[in-house]
Amino acid sequence: MSQASTPRLVTRTREPLAPIVNTSAALARVCELIADATGPVALDTERAGSFRYSQGAYLVQLRREGAGTFLIDPIAFPDLEPLSRAIGKAEWILHDATQDLPYLLELGMRPQLLFDTELAAKLLNFQGFGLAAVLEQVLGISLAKEHSAADWSTRPLPSDWQTYAALDVDYLIDLRNHLWLQLQDADKDDWAEQEFDFLLDFQPPAPKPDPWRHVPGSGKVHAPRNLAALRELWYSRDDLAQQEDLAPTKVLTNAAMIALAVGLPKGKRYMAALEDFRHDRIGRKRADRWFAALRRSYQLSPQELPPRRAPRIPGDVPDSRSFTHNHPQEADRWRRLRESVAGVAAQLDVNHEAMLEPKTIRRLAWMLPDDATKSQVLEVLQASQARPWQIENTLDSLVQALKSEN
């Protein structure tokens with residue numbers, strides 16, 4: 001599509017949508033249709049993490065040529081293993097597979113072959129990688145996104161929400177086919193296959209220790225007593241959110257929690273003096289609970305208070321902010337390595353994060369000395385699960401970037 005062209009807005013699915021699949025009989029029929037059809041299967045999920053404590057899928061969308069598009073309510077079934085068996089060895093098409101695979105795995109669905117349209121767009125160095133942006137650049141169509149922040153745990157789902165969800169898979173097969181041709185034309189099809197094979201074993205990162213330290217705004221909380229208050233508030237909020245199956249921010253906003261931890265009010269009447277807490281209408285209704293959490297933190301001895309900095313996990317690599325502030329030598333290496341990878345990516349017309357993952361670059365900067373040998377760099381790359389195409393194209397440049405005369 002030329003830059004001057006206006007994308008065509010698509011508001012309807014290609015075929016009329018069948019009712020949402022939420023009975024065993026309906027699921028069995030969908031499995032038959034999917035098994036009898038041919039070609040790849042487009043898949044997507046919708047979640048409700050902004051509304052519910054549970055992070056799983058509340059809707060699964062799929063499409064296969066010859067069968068049509070289906071919306072499945074996974075809450076109605078113990079798992080979706082029958083659907084996975086019906087798909088069999090057929091290729092899955094996902095956009096940003098790392099976002100959907102963990103939730104599909106929870107439902108008993110695991111791909112044997114995969115195509116990630118977002119990753120393909122990164123290998124082709126598109127200007128935008130979201131599904132809407134890629135559809136516009138490749139197919140010249142635009143999808144309405146007015147329900148992107150909807151609560152997908154809602155039952156029954158409004159019909160316009162269903163249409164919105166179905167459109168996310170309606171054009172994925174066409175998109176995949178066009179992208180595959182572009183990858184072949186750019187001699188990047190082998191790179192893509194390596195990336196897609198790697199995704200088959202994708203596992204989400206393990207939960208971070210001390211999750212309360214990662215609340216947005218927690219950088220304002222410094223002293224051990226304040227950190228203890230934040231810790232008590234976080235666990236009290238998390239317990240309540242889990243009991244009521246609500247997103248934690250639906251029982252106490254992050255801003256209100258940070259304000260309480262910073263302010264350390266000595267009585268409930270002082271809590272309302274904190275502006276961010278006063279503006280949290282839902283949180284104020286449970287002021288007794290939050291003050292009880294604060295009181296527990298006030299009663300801790302100095303030995304029971306958390307340290308100012310999170311304990312380092314053996315083998316863990318600091319994040320980029322920690323590099324910049326606390327590790328100047330590693331930060332300098334990290335900068336040189338990033339610039340090296342960005343240069344290679346520009347030469348190959350690949351998105352720099354697809355060229356080599358940021359966490360791999362940080363690990364190289366953290367683990368390797370200046371003037372590291374080629375074998376040392378290769379060892380870290382392989383341990384970081386860099387793919388062969390990435391190693392082949394970045395290894396020499398990384399070695400050069402580590403030389404101390406730089």
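Structural remarks
- The single residue among Arg309, Arg295 that is open to solvent by 30 Å² or more (accessible area, probe 1.4 Å), outside the structural domain of Ala261 (by the TED database) and under 21 Å from Asn254 (Cα atoms) turns out to be Arg309.
- Region 223-269, residues that are at pLDDT below 95 and open to solvent by 40 Å² or more (accessible area, probe 1.4 Å): Lys266, Lys268, Arg269
- Test: residue in region 322-343 that is under 23 Å from the mean Cα position of the chain (by Cα), surrounded by fewer than 18 Cβ atoms within 10 Å (Cβ to Cβ) and over 29 Å from Asp187 (Cα atoms): yes
- Residues located in region 373-406, provided they are over 26 Å from the mean Cα position of the chain (by Cα), at pLDDT 95 or above and small (Gly, Ala, Ser): Ser375, Ser397, Ala401
- Taking region 270-376 as the region of interest, the helices (runs of 4 or more DSSP H) fully inside it that hold 2 or more residues being aliphatic (A, V, I, L, M) are 287-298, 328-348, 352-355, 358-367.
- The criterion of at least 2 residues that are more than 16 Å from Pro204 (Cα to Cα) and open to solvent by 10 Å² or more (accessible area, probe 1.4 Å) is met by the following helices (runs of 4 or more DSSP H) wholly inside region 88-144: 117-123, 131-139.
- The set of residues from region 32-47 being over 23 Å from Glu118 (Cβ atoms) and either among the acidic types (Asp, Glu) or not in a helix (DSSP H, G or I) (or both) comprises Glu32, Asp36, Ala37, Thr38.
- Residue selection: Pro40 fails the criterion of being outside the structural domain of Ala354 (by the TED database), over 27 Å from the mean Cα position of the chain (by Cα) and within 17 Å of Ala166 (Cα to Cα).
- If you go through region 379-392 and keep only what is in a helix (DSSP H, G or I) and either open to solvent by 50 Å² or more (accessible area, probe 1.4 Å) or in contact with a strand residue (DSSP E or B) (Cβ under 7 Å, 6 or more places away or on another chain) (or both), you end up with Glu379, Gln382, Ala383, Pro388, Glu392.
- Restricting region 53-87 to residues that are in a loop (DSSP other than H, G, I, E, B) and of a type in the set (Gly, Ala, Ser), the residue that is most open to solvent (accessible area, probe 1.4 Å): Gly66
- Looking across region 217-235, the residues that are under 18 Å from Ser301 (Cβ atoms) and among the aliphatic types (A, V, I, L, M) come down to Ala223, Leu227, Ala228, Ala229, Leu230.
- Scope region 38-47; condition open to solvent by 10 Å² or more (accessible area, probe 1.4 Å) and on the phi < 0 side of the Ramachandran plot; matching residues: Thr38, Pro40, Asp44, Glu46, Arg47
Each row is one residue, and each column tells you yes or no for (1) over 30 Å from Ala293 (Cβ atoms); (2) touching a helix residue (DSSP H, G or I) at 6+ places or on another chain (Cβ under 6 Å); (3) not assigned by the TED database to the domain that holds Leu252.
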position	(1), (2), (3)
Pro158	yes, no, yes
Asp168	yes, no, yes
Leu179	yes, yes, yes
Asp190	yes, no, yes
Val221	no, yes, no
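- A single entry from Ser2, Ser50 fulfils the requirement of being modelled with pLDDT under 95, outside the structural domain of Gln137 (by the TED database) and either open to solvent by 20 Å² or more (accessible area, probe 1.4 Å) or in contact with a Leu (Cβ under 9 Å, 6 or more places away or on another chain) (or both): Ser2.
- Set Arg12, Arg29: member being open to solvent by 80 Å² or more (accessible area, probe 1.4 Å), not in a loop (DSSP other than H, G, I, E, B) and not assigned by the TED database to the domain that holds Ala241: Arg29
- In region 156-189, residue most open to solvent (accessible area, probe 1.4 Å) [restricted to those that are in contact with a strand residue (DSSP E or B) (Cβ under 8 Å, 6 or more places away or on another chain) and not in a helix (DSSP H, G or I)]: Tyr171
The values are calculated or read from the model by the stated rules, or taken from the named source; none is laboratory data. Being a predicted model, the structure only gives us computed values, none of them experimental. Please note: Cβ atoms are built from the backbone with ideal geometry, for glycine as well, and neighbour counts cover all protein chains shown. We work out accessible area using only protein heavy atoms, side chains counted, and drop any ligands, DNA or RNA first. Shrake-Rupley method; radii C 1.70, N 1.55, O 1.52, S 1.80 Å.
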